[in-house]
Each structure stands twice: as C-alpha cells, then as structure tokens.
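Take a look at the structure set out below.
Read-outs: derived from the displayed coordinates by stated rules, not from any lab. Remember, it's a predicted structure, so these values are computed and weren't measured experimentally. All Cβ positions, glycine included, derive from the backbone under ideal geometry; neighbour counts span all protein chains shown.
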Amino acid sequence: MFFFSLIIGGLASGSLYAMVGIAIVLVLQASDIPNFAQGEMAMFSTFVGYWILQQYNVSWWSAVLLSLLFAAVLGVAVQQLVIRPLLGRPTMNLVIATLGLNIVLHSLAGMIWGNETHVFPSPLSDALPLNVAGLTIPPMNVFIILVGVALILCLTFIIRKTRAGIALRAASQNQAVARLMGISINRAFAVAWGLGGLAGGIAGVLVAPVLFLDTNMMGLLLIKGFAGGVLGGLNSLGGVFAGGLFLGVIENLMGAYISGSFGEALVFLLIIGVLIVAPEGVFGRVRTRKV
Amino acid sequence: MADAKKHTGRAVVVLVGLVVLTAPFWMSGYPVYVLSLVGIFGLVAIGLNFLTGYAGQISLGHAGFFAIGAYTTALLTKKAGLPFVLSLPLAGVFATAVGAVAALPALRLKNLYLAIATLGFGVVVQKLLFEWQSLTGGGAGLEVPAPRLGPIVLSTAGHMYYLILAVVILGTWAALNIARTGSGRAMVMVRESEVAAGCLGISVAKYKVIAFSLSGFYTAIAGGLYCYLVRYINPESFNIHMSITFLSMIVIGGLGTIPGSLLGAVFYVLAPELFRGIKDAPGLVFGLSLVVVMVLMPKGLWGFVGRLWRRA
Amino acid sequence: MRFKSGRRFASICLTVCATLALLTVLGSAIAVRNASAADTIKVGYVGPLSGSLSLLGQSVRDGILVYFAHVNGMGGVKGRPLELIAEDDGYDPMRTVAATKKLMEHDKIITLLSPAGTPSTVALLPLVNENKLPMLFPYAFSHALTNPTKPYVFTTLTEVRVQMHVLADYIVGTLKQRKVAAIYQNDDFGHDAVTGLEDRFDALKIPLTKLPFDRGTTNFSGIVAQARKADVEHVVFLGIPRDAALVMREASNMGWRPQFSGHNALGDPQTFKLAGQLAEGAIAVAVMEPLDSARPQVQEFLAHQKKYLPKTSPTTYSMHSYNAAKIFVEALSRIKGKEITADAIVGALDTMRNFDTGLMGPINFSKDQHAGGLYNAIVKAKDGKWHLVTPWTKAK
C-alpha cells in the first residue's frame, strides 16, 4: 500500500518532468541545440495566460489558448532573434546564449508580475481524487500524462508524415543536402522552435495548477526534465517521457527506502550508473556516425 | 605603423602591469577584494578550459572541485594546522585523485549525457559536505583561520591579493607550457575527433582522465585560495549555479584559450559590479550581456580583442 | 597556443590585467557617482532579492523602505533623511559577505538592518564583529546569532529553536498529541528547528519522525506518504508557505488530514491564498501580531505599505522589517547629541527596556541579552485568518 502510493506519487511528480522533457527534446532533436531557456519561456507564457485570465473576462480555455499561442510565437521569436544569428557556431556558444536568455526572461517576469506566488486555476481544480483499489490518484496528474502521450503521438505524426515534419528531419540530419533539396533550413528550425515553444507552453499551463504559479516555478523542473531525458534517452520523445516518469518514481523510492537527506544525490548516482551501462540512456539508440 | 602599434601595445601592457602589481597600495579594500576574486575565478577558468576548451568535455559540476579544494584546505589548516604552502597543494592533489576517479564513468559519455553526469558529481559533493556534519560543520558552515607560513600570517586583503596574484601567474605560466606539450595537443585531438585520435594512437581514455584531473587540480587550488579569502565557507555556495557560472565564464572569455580564461573571469566578477547601480534589473542586464556577447563575439572576448588588434 | 617566449606570455598576462584594472576603476567611478548626499543616514540591507527566496528578500527590504518613507515624510531623524542601500545575495552566504563588505567600504553604512537569510547572517558574524558594524534584527532563525551574546548583533525574531520549544509544549500539553512528524527544509534552518523539537520530545520520550526535503523541490509525494505510513497525527512543517501548501495538498490528495503546524512564517496570509480550505485548523507560532490583528499599529503598518509601496502586499516578512526599522529609529532618537555612531546605536539599544512597537510583545535588551523577542503565542487558522489562541507568554 505504502509502496504503491510512492509509485503513484512518483509518477505524478514525474509527469511534470516528462512534460518539460518533451519540449526540450523536440528542439534538441530538430536543431541539435539544448534550449536552457525552455523553462523560463514556459513560465513566461503561463504568466501571460494568467494575466489574461485576471485582466479580461474570458474563459479559462480562451486564456490558455492565447497563452499557448504566445508560447509558440515566443519560440519562433527566440529562434529568429537569438538562434539564427548563431547558426554554425559551436554548440557551447548557443548554450550560453540560451542561459543568458533564461536569466533575462526570469528577471523580466519578476519585473512585470512580481515575486508572489499565485494559484493557477484549472478545470480539474475541484475534481476529487480518484479512488482506485484503495489508492488515491490525483486527477490533474493523470490528465498531464494523458496530454503528454497525446502530444508525443501528435508530434511523432507531424514529424513522420507531414511535409513540414519531414523537412525538419532532413534539416536536422544534414543541412547541406536539405538545402539542395529546396528545404529552407530557417523555416524548418522556426517550425521546430515554434513547436518546442508550444510544447513548453503546454507544460507550463499543466504544471502551474499543480505547483502554483510564480517566477521560480520551472527552475528546478528544467534540470529534472534534462535529467529524466538523459535517463530515458534523448533520441526519442517516448524515451524522454518515460525517463521523466521513471525519475519521479526513483526519487520517491530512494528517499523512502534508502535515505531522505541523500535522496537527490542518490538519484544522480543512479543516473550515472545507468549511463555507464547505457551511455545514451535506457531507451537511447547509440548513434553511429560516419567519420 | 606596425612599430607604433607595437610601442602602444608595450606601453599599455607596462602601465597595466604597474597597476596590477601595486593595486593594494592605492585601491581600497573592496576593489582589492574584487580583483582577488578575479584571480581565483581566473584559475578556475584556466582549469576548466583544459577540460572543456581543449579536451571538449563539458562539465556542469566543477563547483564540486572548487568545494573539495576549499574544504580540504580549510580542514587541513584548521585541524592539522598546516601552512598554506602545504594545505593548498595537498588540496590540489586530493582533488586530482578525485578527478581521476570521477572521470572513469564519464569516459563513454558525451554532450548532454556527460553534462548531467557531471551535474550529478557536483550535487553529490555538495550533499556529502552538507551531511558530514562532524567533519565539515554541515549547514552551519566552517570558519577558516588565516593562512600562515611559520610566523607569517596573511591576514589582510593586501596579503591575500599578492598570494593569489602569485598563484595566478604561476598557474598561467604552467598552463601555457602544458598547452604547448604533447599532452595539450593530444587533448585537442580528442576534442576534434575521438576516432581520429584513436587512429593516431592517442589513448582517448588516458587524456580524458588527464583533462579531468588537471582541471580538478586548478579548480581545487582556486577553491583553497577562496576559503582563505572569504574565511567562511558554507556548502550552500557550491551549487549548480556556481558550476554554470564557471562554464559560462570560459565560453564568454574565449573557449580553449588561456587569456580567454582570464578575461572570462574579469567579465564575470566585474560585470555584476558595473551593473549593480541599475535599479531592479541587474539580472536582466547581465543576462542580456551574455546573449549579446555570444551573438557579437563568436570566439568570446579574447577572440574579439584579437580581431580588434588585427584590424588596428 | 603558439607562444614563443616568456615575453609574449607576460604581455598576454598584462594585457588581461589591463582590462581588469581599467574596468575596476570604471566600476568604482560609477559607484562613486551613485553615492548620495553626505547628509543622509545610510543603512544597509542584504538579502535574497533574486532566486527562489526572492519574495522573502524583497518583502523584508520593502518593510524597511515603507517605514523609512514614513519617517522621512515627517522630516527624518534629527533632521536627517534615512537612506536604505539594498544588495542582493541570492541566498549565497559568500555573496552576503561580499555585498556587506561593499556596503561598509563603499557606501559607508552605519548599520546593517534586518538582513534576510539564516546561513547568510551567520556568515556575517565574524565580519560585523571585526568591523564593529551593528547588525540589527535580522530575518533569520539561527541559534548562533545570540548564543553567546555578540556586542553588535541584536535580534527580535525568536530563534527557531525556541519557537519549536513553544510549539512542542503546545502540541504535547494542549493538543495532547504524541505522534508527530517534522517535514523540514534540509538546511541549517531546518536542522536547527528539528533540534528544538527534539529538545522537548526527547525529554518526554516522544519519537519524532524526521522527513527532510531539499529546498526548491517539487516532489513532496514521497515524504507525505512516509509521514502517513508512520501513522502520525501531527505534522510540523518547516519551510516557506508555498511548500506548506503543496504538502497540505499532497496529504489531502491522499485523503489524509493530520493536524498541521509551523513556525512563524506559516502564520501568513499567503498560506490561505495558496492552500485555501486546507489550511483551516492549522496552527503556528507567533512572534508578532497576526496581520489581521485589530491593534492600531498593525493597521497603521498595513496602511503605510499600501501608501508607499502600493504594488506590493504586506507579509509577515515586511511586518518584521517594518518593526525592525521602528526600533532602529527609536534607538537613533534616543542618542544624545548630533553624532550617530555605531557605539551610540548599540548603547541606546543596550538600555532599551519594555519598548512596545505595538506589533509584537515588549522589546527588552540589555548588555548581556540581545535576543529581544521573548514573547510568543500560538495562532490558529480559522475562516481565512490567523487568530491568537493563547496569550503572549514569555518563552522559558
């Protein structure tokens, strides 16, 4: 009973890591750039949604849709203004640029909306916890997992079957050849970052009702998203998602059965252990590259 | 015209040299303290540059080495009463050993996987220092006595400044020499192409371990100097943010270059001081400066200086 | 790196040092330009203005700003305006030390008022002692601040260990509960608090379930599950209200409703804002009047914050520092003569007896006793407000 409640709780927490992970990996797979500003971008667009909800008399869904629209636009804007000028530069430069952007967005959000914590409503706010076989399951987190799976399916479909998606894959695999085939690298990356921004925005509006909305909401989640992604394998959206869920569960198990105060450190040691055996994550496929 | 350029260059250099060598005599305590911090972070940057700039291995856990250096030095001084000429190198050697061991799991990892693994290293070190209360004082922190050598006690800001300056000069000279040797070039080869390096008979694993150990050594010595400068250390400070700061420093300064390391340290310590006056938005301006530097200066500050110099 | 000789190496070094020195001089110049009129009484503040505890850091700063604005509006102290110079330390004790050095040397502050952060203020103890800088009424809970008494350090906030003594006595004595868990921040503050609880529980042979969490974590499900498994009836929460609300939610999600309690930070309107109904019935230790108190000085504080910093909300943090500023100004006004020095301030405080700010129990300082907040009470959450349920009593 106790064991299962740890698992359920772990999956619930992990669902947040998983959602953030999707946004990160989408952009990573498409443009080979880890976006360290992803968390703050999501936080920023969620605040926009919250502000719209507070200021104007619109329904929750309208506010959220507008916030997601903002998130997608923000993603494209970041790609055009910061990433595009840096194309072709070493990855480290891009990483530092996104880190700088992280700081900028965090400060900006604090300046515009202040440092207080707010309650972010959701249609499931008043929903009662589900009761399954004596275990209580929080409905919001179930919803998050469902949205996550749906998102992965949608994105996979877009990437595999639509023209824009195929263009994206071509652009990420070999820019030179893609150009020769008439694919606009710029357009492909813009789409990727727009989708990544959107995924991040979705993560934001799902995380906020669970963790409360404030400027620090996504801070640790970004790292957990990366950690979960690394654990699961950064090659596939499914792997990242599973990794995030798994991370939440391990946190709980290690904290309860081994050591409460050492929990976080032990989790990292476990990740390192996994990586020694599987250097590209549990579900990662070792990529072979032509030399 | 080349002559004029050379003479101007020499004049600037001499002037600056004078400024740096005499600083404590005419600058007040706080600027001297700031310059001391620049020196310390410069050492960290040089060390990290060996790992990330030369060998191409990313590390998000170097605060761990910094902490190991700080705590080892502090404890050797406090509990064993060692003079700084012993405590600092011993701390460095200990960190080198830790670095060599820590490198082993990292041998097969790349990019983000390596980043997260090194992040884990940093977290584990910080946690260990916090939990091992009987040794480190845990969350209450540790007060560090002033460094001494026999009867000489380095108790003022000026004393520490000169110690740090001496170590920085020594460290930079050593780094330049290492870079020129076979080891330095081997590390660069590892970064450029592990496969090619292997084909050339370069043991990739060996040089990765060397890179980790060397960077650990430099960073730990810097950590030891740090504990002597601030005289109180707390596990709270040696966190992920510090590691990220270290990494950003070398990229901003100029990845893979030793002057770049020093410039990066200058930027990181001085920029917040410059931005302090900006009401309510020092963070914002700092973040913007990171983005701007990356966009405008692909090879970092040192690359930019180089470009300006060539154009002059 | 293609460096041919030592000379080239030297030039590199020196070029870099050039830039460095130039920037330092520039920086100092800018700082000097920012320096203000010689007439003002310069007071320093350092706290986490950025990072996960930014609400704490900014709110404590705001309380001082509000009171200073009020006093300056009435002509200042001895005809001189009060000026607050606030620095950010991001809750990093190292930065706290650096920022304080700068405040002392560059800004020439006469006092460090209400610095925020437990490890940060402990880090400052050697520095303020060495430099004879009064560090007054920090928003910090550490035992080390007043044990032993430090000549230049005064507190009004009851240290968390003592707060926990009061709470433990109430839990065992009044609530008659003996199955208790502590969910606490795994840092210096949390450990100190648990020590306080154990002081009382160990003596009574009551076991305490200890469940630490890392500050900033988002996953409380594991520890709440552990608390439930241990079959506790009472959970003492030691952390910020936001995390308290998350814990209450986790418990509620599991269909479990233990009695919740916390230190003085829990007794804040924020707890209701975030936890809503789930906070009903929770108790907290009070060091100051609850924000909903009817006492006129509390109302005055709320009105002043609304007037001078309308964009911010009053919190227990800003009330603490407002109170701190009030006592500080009182000390200043007690100084005979025009000159305001550190020793004069300390002298005025050392002789302060039964000074009532109206926001908490009477303040008493003496040469050997610098912990002024000796009166505590218990407040209980009812109908969205915190109400006193015990009288103000002197802690043992």
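What whole number of Å gives the distance from the Cα centroid of segment B:1-78 to the Cα centroid of segment C:325-396?
After rounding, the separation between the Cα centres reads 46 Å.
Report the Cα-based extents of segment A:132-291 along its three principal axes, largest first, to the nearest Å.
Cα spread of segment A:132-291 along its principal axes, largest to smallest: 56, 38, 34 Å.
Across the residues of A:10-17, average count of Cβ atoms on other protein chains within 10 Å?
Values: counts 4, 1, 4, 7, 2, 0, 2, 2.
Counting other chains' Cβ atoms within 10 Å and averaging over A:10-17 gives 3.
What is the protein assembly as shown by shape, rounded, prolate or oblate, if you read a ≥ b ≥ c off the alpha carbon gyration tensor as root eigenvalues and call it rounded for a/c under 1.5, prolate for a/b larger than b/c, and oblate otherwise? Intermediate results must be reported in sequence, preceding the final value.
Details: a/c = 1.63, a/b = 1.14, b/c = 1.43.
Taking the square roots of the gyration eigenvalues as a ≥ b ≥ c, the protein assembly as shown is oblate.
State which helices in chain B qualify, where a helix is a whole DSSP H run, it must extend 24 Å or more along its own axis by its Cα atoms, and its mean Kyte-Doolittle hydropathy must be at least -1.0. Could you put the intermediate results ahead of the total?
Details: long enough: B:2-26 (35 Å, 0.92); B:29-48 (28 Å, 1.95); B:62-80 (26 Å, 0.61); B:84-106 (32 Å, 1.94); B:111-131 (30 Å, 1.34); B:157-180 (34 Å, 1.32); B:204-230 (39 Å, 1.18); B:258-275 (26 Å, 1.54).
Those that pass (Cα extent of 24 Å or more, hydropathy at least -1.0) are B:2-26, B:29-48, B:62-80, B:84-106, B:111-131, B:157-180, B:204-230, B:258-275.
Can you tell me the dipole magnitude for chain C around its Cα centre, using point charges on the Cβ only (Lys, Arg +1; Asp, Glu -1), in Debye to the nearest 20?
Numbers: 44 positive and 35 negative charges, 120 e Å.
The dipole magnitude comes to about 580 debye.
Give the shape of chain B as rounded, prolate or oblate, defined through the alpha-carbon gyration tensor: a ≥ b ≥ c are the square roots of its eigenvalues, a/c under 1.5 means rounded, and otherwise the shape is prolate if a/b is larger than b/c and oblate if not.
Rounded, since a/c falls under 1.5.
Tilt of helix C:54-73 relative to the longest C-alpha principal axis of chain C, in degrees (0 to 90, nearest 10)?
Here the helix axis deviates by roughly 70 degrees.
Taking amide H atoms as placed 1.01 Å from N in the peptide plane, list the residues 5 or more away in sequence, or in a different chain, whose amide H sits under 5 Å from that of C:Glu289.
Those qualifying (amide H under 5 Å, at least 5 residues apart or on another chain) are C:Met360.
Taking neighbour counts of Cβ atoms within 10 Å as a proxy for exposure, in what order, fewest first, do A:His106, B:His7 appear? Present the calculation step by step, with values, prior to reporting the outcome.
Details: A:His106 25, B:His7 10.
Placing the least packed residue first, the sequence is B:His7, A:His106.
Find which of C:Ile41, A:Val20, A:Gly182 sits farthest along the positive direction of the dipole of the protein assembly as shown, computed with +1 on the beta-carbon of Lys and Arg, -1 on that of Asp and Glu, about the Cα centre.
Ranked along the dipole, the leading option is A:Gly182.
With point charges of +1 on the Cβ of Lys and Arg and -1 on the Cβ of Asp and Glu, referenced to the Cα centre of chain C, which listed residue (C:Phe68, C:Leu145, C:Val298) lies farthest in the positive direction of the dipole?
Value: C:Phe68.
Given the options C:Gly173, C:Pro212, C:Asn264, identify the residue whose Cα lies farthest towards the positive end of the charge dipole of chain C (+1 on Cβ of Lys, Arg; -1 on Cβ of Asp, Glu).
Value computed over the given set: C:Pro212.
Can you compute the FRET efficiency between B:Val101 and B:Thr156 using 1/(1 + (r/R0)^6), with r the Cβ-Cβ distance and R0 = 60 Å? Round to the nearest 0.05.
On the way: r = 38 Å, r/R0 = 0.63.
Rounded to the nearest 0.05, the efficiency is 0.95.
Can you grab the distance from the C-alpha centre of segment C:247-311 to the C-alpha centre of segment A:262-285, Å, no decimals?
Segment C:247-311 and segment A:262-285 have Cα centres spaced 41 Å from each other.
Per residue of B:101-114, what is the mean number of Cβ atoms on other protein chains within 10 angstrom of that residue's Cβ? Walk me through the numbers before you get to the answer.
Values: counts 0, 1, 0, 1, 6, 4, 2, 7, 6, 3, 7, 12, 13, 3.
The mean count of partner-chain Cβ atoms within 10 Å per residue comes to 5.
So which GluC sites (Glu not before Pro) in segment C:277-349 end up in coil per DSSP with only 12 or fewer other C-beta atoms within 10 Å?
On the way: sites: C:Glu280, C:Glu300, C:Glu330, C:Glu339; in loops: C:Glu280, C:Glu339.
Those satisfying the criteria are C:Glu339.
If R0 is 35 Å, what FRET efficiency do you get for B:Lys5 and B:Thr181 from their C-beta distance, rounded to 0.05? Display every interim value, and only then the final one.
Values: r = 31 Å, r/R0 = 0.89.
Computed FRET efficiency for B:Lys5 and B:Thr181 comes out at 0.65.
Work through the residues other than B:Leu114 whose Cβ is under 12 Å from its Cβ and net out their charges, Lys, Arg +1 and Asp, Glu -1.
Surrounding charge for B:Leu114 is +2.
With charges only on Cβ, +1 for K and R and -1 for D and E, what is the dipole size of chain A about its Cα centre, in debye, rounded to 20? It would help to have the intermediate numbers written out before the result.
Values: 13 positive and 8 negative charges, 289 e Å.
Approximately 1380 debye in magnitude.
About its Cα centre, what dipole magnitude does segment B:24-238 give when the only charges are +1 on Lys and Arg Cβ and -1 on Asp and Glu Cβ, stated in debye to the nearest 20?
Numbers: 12 positive and 5 negative charges, 65 e Å.
The dipole of segment B:24-238 has a size of about 300 debye.
Which of rounded, prolate, oblate describes chain A, given a ≥ b ≥ c as roots of the alpha-carbon gyration tensor eigenvalues and a/c under 1.5 marking rounded, otherwise prolate only if a/b is larger than b/c? Numbers along the way, then the final one.
On the way: a/c = 1.68, a/b = 1.19, b/c = 1.41.
Judged from the Cα gyration tensor, chain A comes out oblate (a/c at least 1.5, b/c at or above a/b).
For C:Lys306, give me every one of the lysines with a C-alpha distance below 27 angstrom, ignoring sequence neighbours fewer than eight places off in its own chain.
Result set, ordered by chain and number: B:Lys279, C:Lys42, C:Lys78, C:Lys273, C:Lys326, C:Lys380, C:Lys382, C:Lys385.
Can you name the helices of chain A, as whole DSSP H runs, whose Cα span along the helix axis is 20 Å or more and whose Kyte-Doolittle mean is not below 0.0? Numbers along the way, then the final one.
Working: long enough: A:2-31 (43 Å, 1.92); A:38-55 (26 Å, 0.29); A:60-78 (27 Å, 2.21); A:91-113 (33 Å, 1.49); A:139-161 (32 Å, 2.07); A:185-211 (38 Å, 1.54); A:219-232 (21 Å, 1.61); A:237-257 (30 Å, 1.36); A:263-277 (22 Å, 2.77).
For chain A, where a helix must reach 20 Å along its axis and average at least 0.0, the hits are A:2-31, A:38-55, A:60-78, A:91-113, A:139-161, A:185-211, A:219-232, A:237-257, A:263-277.
First measure r as the distance between the Cβ atoms of C:Asp350 and B:Leu15, then evaluate 1/(1 + (r/R0)^6) with R0 = 51 Å and state the FRET efficiency to the nearest 0.05. Let's see the in-between values first.
Numbers: r = 52 Å, r/R0 = 1.02.
Given R0 = 51 Å and the Cβ-Cβ separation, E is 0.50.
How about segment C:137-189: which trypsin sites (Lys or Arg not before Pro) there lie in a loop by DSSP and see at most 10 other Cβ atoms within 10 Å? Can you show the working numbers first?
Numbers: sites: C:Arg161, C:Lys176, C:Arg178, C:Lys179; in loops: C:Lys176, C:Arg178, C:Lys179.
Loop-located and lightly packed - C:Lys176.
Hey, what angle do you get for helix C:118-130 against the long axis of chain C, alpha-carbon based, 0 to 90 degrees rounded to 10?
Helix C:118-130 sits at roughly 40 degrees to that axis.
If I fit a long axis through the Cα atoms of helix C:6-34 and take the longest principal axis of the Cα atoms of chain C, what angle between them do I get, 0 to 90°, rounded to 10?
70
What residue among A:Tyr50, A:Tyr17, A:Tyr257 shows peak mean-square fluctuation when chain A is described by a Gaussian network model with Cα springs under 10 Å?
The residue that fluctuates most here is A:Tyr257.
Students often get this wrong: which residues of segment A:93-114 have the backbone nitrogen under 13 Å from the point 7 angstrom along Cα-to-C-beta of A:Arg179?
none
Other chains' Cβ within 10 Å of B:29-39 residues: what's the mean?
5
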